[in-house]
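Participant: I am attaching a structure below and will ask some questions about it afterwards.
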Amino acid sequence: MLIPPHTLTQKGIHARSLSSWTRVLQRRFPFKTFLLIYLFTLLASNIVAQTGTIFGSVKDSLNKPLFGVGVSVFGKPYGTTTAEDGKYSLTVPADQSLKIIFSFTGLSRDSSFITVKENEKLEINKKLSGKIKELGEVIIEDQSLKGTNITRINPKIVSVLPTVNQSVEDILKTLPGVSSANELSSTYSVRGGNYDENLVYVNDVEIYRPLLVRSGQQEGLSFINPDMVETINFSAGGFDAVYGDKLSSVLDIKYRKPKKFGYSLNGSLLGAALELEGISKDKRWTAIGGVRYKSNAYLLNTFETKGEYKPNFIDAQLLTTFDASKKISIEVLGNYARNIYNLVPQSRETNFGTITDAKRFTVYFDGREEDRYETYTGAITGIYKPSEKLKLKLIASGYHADEQENFDILGQYFLDQLEADLGKEEFGNVLFNLGVGSFLNHARNRLKATVYNGEHKGEWVGNKILVQWGVKAQHEEIEDKLNEWYYLDSAGFSIPSYRDPANPQILLNDVVNTKNNLSSNRLMGYIQNTWQMADTGKLVLTTGVRANYWDLNDQLVISPRLSIAYKAKNWKQFSMKFSAGYYYQPPFYRELRDMQGNVHTNLKAQKSIHFLLGTDYYFLALGREFKLTSEIFYKLLDELIPYKIDNLRIRYLSKNNSKGYARGIDFRLFGDFVPGVESWASLSLLQTKEDLSDDFYYKRYNAEGDEIISGYTYDQVATDSVRIEPGEIPRPTDQLINFGLFFQDYFPKWPTYKMQLSLLFGSRLPFGPPGPDRYKDVLRSPSYRRVDIGFSKQIIGEDVKRPPKIKLLRKFEAIWITLEVFNLLQVNNVSSYLWITDVSNDRRYAVPNYLTGRQLNVRLNFKF
C-alpha cells in the first residue's frame, strides 16, 4: 500500500523495529558499565591521609581585592573562593606536588606549583590581570564596551573537541541558540535562521561560503584554521551596528600575532595539519601560516550507500604583519582552498518504517560524481594609530570561487515489505515486493563568483566613550551555468507519465538549463557610539546605525540598533542587558535564483526586528565560580524569501512573499565542573513560523462531503471547489528543543589522562515532498542525537612531572595522543529524504538518508 504524502506521519516513517532497539540497548550497556568503573576510580583516588594549608589574597592589576576568585587544586576535589577582602584559606594534601589554580571570569587565569608539609601553612598571593584595559578615567573590563551581546570562547577548546571536523563551528553548535543536524558540515542555524544568515569575519575580512555544495560530505574544510586562532567572539542576535547586514548571527575571529617561533603538527585517520609561526629579531615582522589536508573517506564508509569514496580537501593560509613604525603597521591575509569530491556508488540498502509496517529500500547504482570547489581569498590591511585614542584602518580584499558539479548516477531500486511478526522465523526478512523502478540524476553545473571590497574603519576612545565608524564599497560578479535534470521510472512507466500515442514523449523532472551573468555594486556604512553612563554601577549604552545600498535592486536600507548593559555595584554577581534593532539582509546570488534557475533581480532585502533581554548570574558552587546566562528573544520577520532545505542545499522560491516570527529562550551554565578545566551545558527553546501570502490551494468534494481532489492550481478550479489558506506554517528551522553539552574530566591522581565529551540533541525538524509548495512541509524528521567522546593522554606538557627520556622529545612543548569514538550511541540520524513515486505520481515514500555511524579515530598532536 502506497502512502499519500499528506498522510505521512513521523511515527509512520521513522519508528524503529523492536529488534533494532534491542541491539541499541545491548550496545549501550558496556558503556554504562565502563562509566560506573570510571566514577568509582575517581572517588577511590581522592583518599588522602595528611594535609596542610595554603592562604593569601588575590588582587587585580590596580591592587584592589577581588571577590569570588576560584582557588582550586588541579586534579583534586579541593577548592574555595576569595572573600570580599580578597583573602582565602584552603586545606590541601601534604607531601604532594600540587598545581594551584586561580581563576576569575574576565581575567587571565594564573597557577602555582607547590608542595606543603603536614600541618604547614603556606602563603600564596596573586595578582590577576590581562583582560582589563583603561579607557579614559574608567576601568573597562573585557566584556564592557565592545560587544555587549558577545560570547567569548576559549580557542584552546578546539584542539580537544572530539568531533569529526574539530572546527571552531563545532564549538558553536554546543552554544545556546545554535543548532546543527549534520556532523559533516560546518554550517549552523541560529535562532530560527538558516545557514546563509550568519556573518563570519576573520581579522575584519568577511568570509564567504561555497554556493553549490549539496551535502556535508562534499563540503570539506572550513575557512577558519583553528591552529591560528587567538580569539573567538560570537553573537546569536542583537549584535552591534559595527557588524554587517545579516539576519541571525556574527562570528568574529582574530588570528594570532606570534611572539616567538613555534610550530604545531597534528594528524589523524581523517587528515593532518601543520602550523608555523615566527617573529623577526627586531620584532617588527611576524608571520603565521598553516596547511591542512582532510579526507573523510574512512568516515563515509559508514554510510548505507556503499561505493568508492574519494574526497580530497586541502587549504593553505598565511597571515603576516609588518610594523613600519610605532604608528603604522601592515597586515596581509591569504587563503587558498581546493575541495574535490569523487564518488562511484555501488549499492544501498535502507530499512525504514514501523515495527508493524517495515520496509526495505534496495538500490544498485551505475555512474559517478565528480565535484570540485576552489576558492581564493586575499586581503591587505593598513593600520594607522596617530595617537593612543585614535585608530584608523584601510582594508582591501578579494574573493574568487570556481565551483563545478558533474554527475550521472543511474539507480535501479526495489521496494520490499518486511515480515513484522515477531513470532515467525522470517521476522525482518523480505515478505514480498512492493515495486521496482529506476532513476537517473544528471548535472553539469559551474559557477564563478568574484567579490572585491574596499573599506575604511576607525575608532576613537574618549572619556567614558567609544566611537566607531566605517564605510565599505563592494563589487560582485557572478557567472552561473546550470544544466541538471532528474528522470524517474516506476514499474516501466516514465514519471511524469505522458500517454499520447500520437506524440510519445519522455518527460524529465526538475529540468534546469540556464546561463546567468550578474554584475552589481554595494555601498555600506555605519557609525556607533558607546557610553559608560554611571559611576555608581556599570551602565553601558550603545547606539548605532547602518546603511546599505545595492544598485541591482536600487534599494537603500537603514538599520538603527541599540543595546544597554547594566551591572549593579552592590550586586556584582548579577548583570542585565537589553538589545533592539533593525536587521536587513539584502539578497546575494543564491536568494536571487529560483528552483528553475531564473534570476529575480527585483528582490528586496529581508527584514528582522530583534528584541532581546538577557541576564548573567555568577554564583559559587563546589568551591568554584559558575556563570548562568539566560536570554529571551523575539524576532519580527518581514519581506522574507521562503526556501526549502534538502540536506545542505537551500533552494529559495525567490519572492518576498512571506512574513513571520521567531521567539524563544536560551540558557547556558558555564564553569569548571571539574577543577581546572572548562565545561558548559546549553538549553534552547524555539518557535519560528511564517505565513506566505500566495500559498493557497483548492479542494473538491463529492456529494457525500468526501475529498476527491486536493492541491490543484487556479486553472483547474471548478464551481464546487473550496479555497484553502494554510496560514502560519513552521519555518524549515523550527526546532523546539536544542541541548548542547561540552564536558571535560580527568583522573585526579593521573591528570595527564583526560576525557572530553560532546553531546548534541535537537528535536524534530519540518520537511516535506519535493516541489515549491511550502504548505506541504509539515512532516517532522526524527530528533538529531549525537555523542562524541575522546580519551587523551598527555605525553609531554605542564601536567607531566617527569621529562621524557628521549632527548628529541624534550624539544616539544606538548604531545598528546587521543582515541575518539564518533557517534558513540550509534544513532541513525537523518540528513534528508529520497522520495520514491509510483506510476500515478500522487503517492510517495520518503526514504531517509542516514548520516555517519559509529567510528573510531586516533589523533596525535605535537606542539613545539
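The values are calculated or read from the model by the stated rules, or taken from the named source; none is laboratory data. Bear in mind that the values here come from a model prediction, so they are computed numbers and not experimental data. Quick reminder, even Gly has a Cβ in these numbers, built from the backbone with ideal geometry, and neighbours come from all protein chains shown. Note: areas computed on protein heavy atoms with side chains; ligands, DNA, RNA excluded. Shrake-Rupley method; radii C 1.70, N 1.55, O 1.52, S 1.80 Å.
Participant: Quick check on the chain: of the DSSP beta bridges with both residues there, what percent are antiparallel, nearest 5%? Mind showing how you got there, number by number?
Facilitator: Working: 366 of 377 bridges.
If we restrict to bridges inside the chain, about 95 percent are antiparallel.
Participant: Would you mind calculating the gained length between residue 696 and residue 123 on full extension (0.36 nm times residue separation, minus the Cα-Cα distance), in nm to one decimal?
Facilitator: Details: separation 573, 0.36 × 573 = 206.28 nm, distance 7.61 nm.
Result: 198.7 nm gained on full extension.
Participant: Averaging over all projection directions, find the projected area of the Cα convex hull of the stretch 269-419 and quote it in nm² with one decimal place. Please list the in-between numbers first.
Facilitator: Details: hull surface 58.9 nm².
Dividing the Cα hull surface by four gives the mean projection, 14.7 nm².
Participant: Report, in deg cm²/dmol and to the nearest 500, the calculated mean residue ellipticity at 222 nm for the chain, where each DSSP H run with n ≥ 4 adds -39500 (n - 2.57) and the sum is divided by the residue count.
Facilitator: Values: 6 runs with 49 residues, N = 864.
Value at 222 nm, helices only: -1500 deg cm²/dmol.
Participant: Taking the structure as given and computing semi-axes √(5λ) of the Cα gyration tensor in Å, which label from (i) 59, 31, 25; (ii) 49, 34, 27; (iii) 49, 43, 21 fits?
Facilitator: Computing semi-axes √(5λ) of the Cα gyration tensor in Å and matching it to (i) 59, 31, 25; (ii) 49, 34, 27; (iii) 49, 43, 21 gives (ii).
Participant: Find the relative contact order for the stretch 559-673 and round it to a whole percent, using C-alpha pairs within less than 8 Å whose residues are 6+ positions apart. Can you show the working numbers first?
Facilitator: Numbers: 257 pairs, mean separation 27.2, N = 115.
Averaging sequence separation for qualifying contacts and normalising by length gives 24 percent for the stretch 559-673.
Participant: Here's a follow-up. How big, on average over all directions, is the shadow cast by the Cα convex hull of the stretch 528-573, in nm²?
Facilitator: 4.0 nm²
Participant: How large, in percent, is the carbon and sulfur part of the accessible surface of the chain at a probe radius of 1.4 Å? If you can, show how the numbers build up before the last one.
Facilitator: Details: 21940 of 38810 Å².
Solvent-exposed carbon and sulfur of the chain make up 57 percent of the total.
Participant: Now, a different point. Just check the stretch 739-864 against the gyration tensor rule for me: Cα atoms, a ≥ b ≥ c as the square roots of the eigenvalues, rounded for a/c under 1.5, and otherwise prolate or oblate depending on whether a/b exceeds b/c. Before the final figure, lay out each step's value.
Facilitator: Working: a/c = 4.43, a/b = 3.29, b/c = 1.34.
The shape class here is prolate.
Participant: Separate question: With charges only on Cβ, +1 for K and R and -1 for D and E, what is the dipole size of the stretch 592-632 about its Cα centre, in debye, rounded to 20?
Facilitator: Working: 5 positive and 4 negative charges, 36 e Å.
My answer is approximately 180 debye.
Participant: I would also like to ask the following. Before I look further, what does the chain give for accessible area per residue, probe 1.4 Å, in whole square angstrom? Walk me through the numbers on the way to the answer.
Facilitator: Numbers: 38810 Å² over 864 residues.
Spelled out: the 1.4 Å probe surface of the chain, per residue, equals 45 Å².
Participant: Compute the long axis of helix 18-44 from its Cα atoms, compare it with the longest principal axis of the Cα atoms of the chain, and write down the angle in degrees, 0 to 90, nearest 10.
Facilitator: 0 degrees
Participant: Count the lysine pairs in the stretch 560-640 that are 8 or more places apart or on different chains: how many have C-alpha atoms under 25 angstrom apart?
Facilitator: 10
Participant: Report the charge-dipole magnitude of the chain in Debye, nearest 20, computed about the Cα centre from +1 at each Lys and Arg Cβ and -1 at each Asp and Glu Cβ. If you can, show how the numbers build up before the last one.
Facilitator: Details: 107 positive and 96 negative charges, 744 e Å.
For the chain, the charge dipole is close to 3580 debye.
Participant: Would you list 228, 524 from the most to the least accessible area, probe 1.4 Å? Before the final figure, lay out each step's value.
Facilitator: Working: 228 0, 524 25 Å².
Per-residue accessible area, sorted high to low, gives 524, 228.
Participant: Can you tell me the FRET efficiency between residue 109 and residue 302 if r is taken as the Cβ-Cβ distance and R0 is 35 Å, rounded to the nearest 0.05? Show your work: numbers first, answer last.
Facilitator: Working: r = 39 Å, r/R0 = 1.12.
Efficiency at R0 = 35 Å is approximately 0.35.
Participant: Step by step: find N for the stretch 188-284, compute 2.2 N^0.38 Å, then divide the Cα radius of gyration by it. What's the final number?
Facilitator: On the way: Rg = 16.5 Å, N = 97, 2.2 N^0.38 = 12.5 Å.
Compared with the compact-globule rule of thumb, the stretch 188-284 sits at 1.32.
Participant: To continue, here is another question. Figure the gain on full extension for residue 467 and residue 549 (residue separation times 0.36 nm, minus the Cα-Cα span) and round it to one decimal in nm.
Facilitator: On the way: separation 82, 0.36 × 82 = 29.52 nm, distance 2.30 nm.
Additional length available on full extension: 27.2 nm.
Participant: Here is a further query. With +1 on each Lys and Arg Cβ and -1 on each Asp and Glu Cβ, and nothing else charged, work out how big the dipole of the stretch 185-252 is about its Cα centre, in Debye to the nearest 20. It would help to have the intermediate numbers written out before the result.
Facilitator: Values: 4 positive and 10 negative charges, 69 e Å.
My answer is approximately 340 debye.
Participant: Can you send over the solvent-accessible area of residue 588, 1.4 Å probe, protein chains only, in Å² to the nearest 10?
Facilitator: Here the residue's solvent-accessible area equals roughly 40 Å².
Participant: Compute the relative contact order of the chain as a whole-number percentage, counting only Cα pairs closer than 8 Å that sit 6 or more residues apart in sequence.
Facilitator: Details: 2352 pairs, mean separation 98.3, N = 864.
In percent, rounded to a whole number, it is 11.
Participant: Towards the positive end of the charge dipole of the stretch 334-452, with charges on Cβ (+1 Lys, Arg; -1 Asp, Glu), say which of 380, 417, 356 has the farthest Cα.
Facilitator: 380
Participant: Turning to a different aspect of this structure: After finding the eigenvalues of the alpha carbon gyration tensor for the stretch 287-364, what semi-axes result from the square roots of 5 times each, listed largest first in whole Å?
Facilitator: Working: eigenvalues 485, 43, 12 Å².
Equivalent-ellipsoid dimensions as semi-axes: 49, 15, 8 Å.
Participant: Quick one, can you get me the convex hull of the C-alpha atoms of the stretch 226-342 expressed as volume per residue in Å³? Present the calculation step by step, with values, prior to reporting the outcome.
Facilitator: Values: hull volume 18.0 nm³, N = 117.
In the stretch 226-342, the Cα hull volume divided by residue count equals 154 Å³.
Participant: Could you tell me which residue out of 645, 232, 662 lies farthest along the dipole of the chain toward its positive end? Charges go on the beta carbon: Lys and Arg +1, Asp and Glu -1, centred on the Cα centre.
Facilitator: It is 232, whose Cα lies furthest towards the positive end.
Participant: Can you pull a Stokes-Einstein diffusion coefficient for the stretch 543-679 at 25 °C (0.890 mPa s), Rh from Kirkwood over Cα pairs, as a whole number of µm²/s?
Facilitator: Details: Rh = 18.2 Å.
Once the numbers are plugged in, D ends up at 135 µm²/s.
Participant: Tell me, what is the FRET efficiency for residue 390 and residue 452 to the nearest 0.05, using R0 = 30 angstrom and their Cβ-Cβ distance as r?
Facilitator: Working: r = 28 Å, r/R0 = 0.92.
For residue 390 and residue 452, the calculated efficiency is 0.60.
Participant: As a test question: what accessible area, to the nearest 10 Å², does residue 452 have when a 1.4 Å probe is rolled over all protein chains in place?
Facilitator: 130 Å²
Participant: Taking the dipole about the Cα centre of the chain, with the C-beta of Lys and Arg at +1 and of Asp and Glu at -1, give me whichever of 150, 452, 750 is farthest to the positive side.
Facilitator: The residue sitting farthest along the positive end of the dipole is 750.
Participant: Starting with the highest mean, order 339-349, 207-217 by the number of other Cβ atoms within 10 Å, averaged over the residues of each peptide.
Facilitator: On the way: 339-349: 18.1, 207-217: 19.7.
Final packing ranking: 207-217, 339-349.
Participant: What shape does the stretch 599-666 take by its C-alpha gyration tensor, where a ≥ b ≥ c are the square roots of the eigenvalues and a/c under 1.5 counts as rounded, a/b above b/c as prolate, and the rest as oblate? Kindly include the intermediate steps, with their values, before the conclusion.
Facilitator: Working: a/c = 4.65, a/b = 2.54, b/c = 1.83.
Because a/c hits 1.5 or more and a/b exceeds b/c, the stretch 599-666 counts as prolate.
Participant: Counting other C-beta atoms within 10 Å, and keeping those with at most 10, which DSSP coil trypsin sites (Lys or Arg not before Pro) do you find in the stretch 759-814? Each step should come with its number before you reach the end.
Facilitator: Details: sites: 764, 774, 776, 780, 785, 786, 793, 801, 805, 807, 810, 811; in loops: 764, 801, 805.
Sites meeting the loop and neighbour criteria: 801, 805.
Participant: What FRET efficiency comes out for residue 368 versus residue 800 if R0 is 60 angstrom and r is the Cβ-Cβ distance? Round to the nearest 0.05.
Facilitator: Values: r = 49 Å, r/R0 = 0.82.
Plugging the Cβ-Cβ distance into 1/(1 + (r/R0)^6) gives 0.75.
Participant: Counting only C-alpha contacts under 8 Å and six or more residues apart, can you give the relative contact order of the stretch 510-621 as a whole percent?
Facilitator: Numbers: 215 pairs, mean separation 25.1, N = 112.
Across the stretch 510-621, relative contact order equals 22 percent.
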